[in-house]
Amino acid sequence: MFRNNYDNDSVTYSPTGRLFQVEYALEAIKQGSAAVGLTSNDYVVLVALKRNAEEFGSYQKKIIKIDDHMGVALAGLAPDARVLSNFLRKQAMQCKMVFNRPIQTYKAVLSIADKAQENTQSYGSRPYGVGLLIAGYDETGAHLFEFQPSGSVLEYFGAAIGARSQAARTYLERNLEEIKKCDDVEKLVLHGLYALRDTLSQDVELTFKNTSVSIVGKDQSFVSYDDENVQQWLDKLDSVSNARNRDGDDDEDGDEQEEGNATQAQEGEGTEAPAEDRMETDE
């Protein structure tokens, strides 16, 4: 059942210096639906793919508001994400009550990083099985952080977590310079949706039911868009997608014609092939 004797708890190192329970938590993140975050000089955008357990069930909420200037997108175990988001809310409220100002994004991120790290070195607890993309805007500018169950946090210009997130990261890497210089939040959202679309399986399409979008930035409080409110960006995305599909269909039609010509040629050659085969067999 277990990989070896070193994965029964999260406080015992393997001989190679690994904590297997932490690695299992990272695998839980890969089972969740994808979430993508990207930032420019003035804005941070989060886009996420929602799942429903059954056809008649509701879709799982993927983006959680922490404060007017900060929010998170999750991939992995949603209950763990609720625990961490509630902790972040408490930190934000405490900062407002004590210092009368919003909490800085990096301080909020470090607080949950310390909380998660404690679970990696104490018995009777397990690492959080969720990854978070934390978006915030404060006096230091726009920030996007990725949180991992090990307690590691890193700041990114663009990041993706969840199932098939490597495809989204590839898109972000190819368009990094354009994303960093993007001043139009609408274009930033479209880049996020393009990256999110690359994570989809062949039988799934982005719809207003399974897509969430959130924006925070300069003179823009954290706001989430769901259901019909997302359709305004999906319409622009679909026009490009349909154009690509048409190009793909034309290529497929050309390939089918070439295959048909090749098949006819093979059939023509096939009429003479049996005689050659018989001659070789007779020899």
The set of residues whose placed amide H lies less than 5 Å from the amide H of ALA34, leaving out same-chain residues fewer than 5 positions away, is LEU49, ALA163
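Using alpha-carbon pairs under 8 Å, 6+ residues apart, how would you state the relative contact order of the stretch 20-225 in percent?
Working: 448 pairs, mean separation 67.4, N = 206.
In percent, rounded to a whole number, it is 33.
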For LYS187, counting only lysines whose alpha-carbon sits under 17 Å away and dropping same-chain residues fewer than eight positions off, the answer is LYS218, LYS236
Here the gain from full extension of GLN232 to GLU139, 0.36 nm per residue of separation minus their alpha-carbon distance, amounts to 30.4 nm
Between ASN8 and ASN100, the FRET efficiency computed from the C-beta separation at R0 = 51 Å comes out, to the nearest 0.05, as 0.60
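What whole-number volume per residue, in cubic angstrom, does the convex hull of the C-alpha atoms of the stretch 1-86 give? Don't skip to the end; give the middle numbers.
Numbers: hull volume 13.2 nm³, N = 86.
For the stretch 1-86, the hull spanned by Cα atoms encloses 154 Å³ per residue.
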Candidate cut points under chymotrypsin sites (Phe, Trp or Tyr not before Pro) in the stretch 25-81, DSSP loop plus at most 13 other Cβ atoms within 10 Å of their own Cβ, are PHE56
GLN166 and GLN220 label points (each 7 Å along its Cα→Cβ direction) are spaced in nm at 3.2 nm
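Every read-out reported here was derived from the displayed coordinates using simple, explicitly stated rules and does not represent laboratory data. As the structure is a prediction and not an experimental result, all values here were calculated from the model. Because the Cβ atoms are built from the backbone with ideal geometry, glycine has one as well, and the counts that use them run over all protein chains shown.
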